[in-house]
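The values are calculated or read from the model by the stated rules, or taken from the named source; none is laboratory data. Small disclaimer: the values here were computed from a predicted structure and weren't measured. All Cβ positions, glycine included, derive from the backbone under ideal geometry; neighbour counts span all protein chains shown. For accessibility, only protein heavy atoms count, side chains too; no ligands or nucleic acids. Shrake-Rupley method; radii C 1.70, N 1.55, O 1.52, S 1.80 Å.
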Amino acid sequence: VLEHIRYAYIQTDGQWAAGNRRIRGRPAPVEAVEAALRVDASRALMIDVLNDAWASITAEDWNDVIDARVTAAFAHVTQETASAVTDIYHFLGASIIHQSNVLQRCLRDVHGATQHLYASNEAYEVHGLQLILGASGGEK
């Protein structure tokens, strides 16, 4: 992510480096680093969840709780990444709105992914019910 931000920064002739742009009252470079870290944290979460899921699959121990955790993690990662890419877009401005710009494609693709049912609030609802009711579905 940081390499893409660096590329876009170079394309804008460093217009936001000297504090020219502020997001939520903070210097844009601070927001850029935080956005990149949110993407990195999301990636780490997804890797962790998928490693656990793979272990369950290979042990033939797949269950509703694991399924709900994978679904909720996907929804969270998708929403968090979309938020981070949107933040980057806001402080880089119109300079990235070109078909050839990788950040423009990231913005389009990640917001497209947020429209998928698997990345919706329903994913959280299913995971939340699994946490509240337990692996067996519990009693109401």
Expressed in square angstrom to the nearest 10, the accessible area of Y89 with a 1.4 Å probe stands at 60 Å²
For the pair S100 and D61, the simple spin-label estimate (label points 7 Å beyond Cα toward Cβ) gives in nm 5.3 nm
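Quick one: order E34, E60 from most to least accessible surface, probe 1.4 Å. Present the calculation step by step, with values, prior to reporting the outcome.
Details: E34 70, E60 170 Å².
Solvent-accessible surface, decreasing: E60, E34.
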Once Lys and Arg are counted +1 and Asp and Glu -1 for all other residues with Cβ under 13 Å from that of A41, the total becomes -2
Heavy-atom accessible area of S83, protein chains in place, probe 1.4 angstrom, given in Å² to nearest 10, is 50 Å²
